[in-house]
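Structure record follows, encoded as structure tokens.
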Amino acid sequence: MGWRRLDIELAHLVFDASAAYDTGHKTNDNTINNNVGHDRGLDGNIFYRFHKLYVGGGASWNQLSTTNYSKQSWHPSFGVGRDWLGETFSLRGQVVYKLPGSDHLNAAQGPEFSLWMPSPLTSHHFFMRETVGIYLSHATVTDPSDAALSAEQIGNRSVSGFVSMNLLYRFWFPSR
């Protein structure tokens, strides 16, 4: 339903943050009358820039609330990025790895690859950003006190992913 994004570029600091909300809910979760719900989340990273290379980390929080239950998790992350600046071409590449953090139910984790064209270090107003995320997780642990069931659910692994393409507009230019 909605998301908001903030990116800040300074001489030695790269910061990005986003907030999201949608009316997603669970289906086929073995509960009755669980047809209403919402997702919300916050995500942020801060990087220190060394010339055209930057390194850093951040965290994300997500919460799923449905008619019958609610669950949430925190995921720390770390990453690296680089800007390539040429006379007629520029781009930025970034990789952030999200760790499982407090997600003991599914232990979702994996890399997110982002590509900006042109690089945000240029003086353009419009940018294209593509992000691809690949996550490894296991089946939801339903009863942590049952060791055999938990081992079976943790052993049931899956891979999921997403692709996001955004057109971004910058309102002002950072001073250098």
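The values are calculated or read from the model by the stated rules, or taken from the named source; none is laboratory data. All of these numbers come straight from a predicted model, not from anything done at the bench. Backbone-built Cβ (ideal geometry, glycine too); neighbour counts: all protein chains shown.
Listing for the model above:
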item: Test: residue in segment 162-169 that is hydrophobic (A, V, I, L, M, F, W, C) and farther than 23 Å from ASN45 by Cβ; result: no
item: Residue pairs meeting the criteria (Cβ under 6 Å; at least 6 apart or on separate chains; first within 12 Å of ALA107 (Cα to Cα), in segment 141-157; second polar (S, T, N, Q)); result: VAL141/SER150; VAL141/GLN153
item: Any hit, segment 151-164, residues being in a strand (DSSP E or B), charged (D, E, K, R) and surrounded by fewer than 17 Cβ atoms within 10 Å (Cβ to Cβ); result: yes
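Every residue, every condition in (1) more than 18 Å from GLN63 (Cα to Cα); (2) at pLDDT 80 or above; (3) of a type in the set (Asp, Glu); (4) in contact with a Leu (Cβ under 8 Å, 6 or more places away or on another chain), yes or no:
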site	(1), (2), (3), (4)
ILE8	yes, yes, no, no
ALA17	no, yes, no, yes
VAL36	no, yes, no, no
ARG40	no, yes, no, no
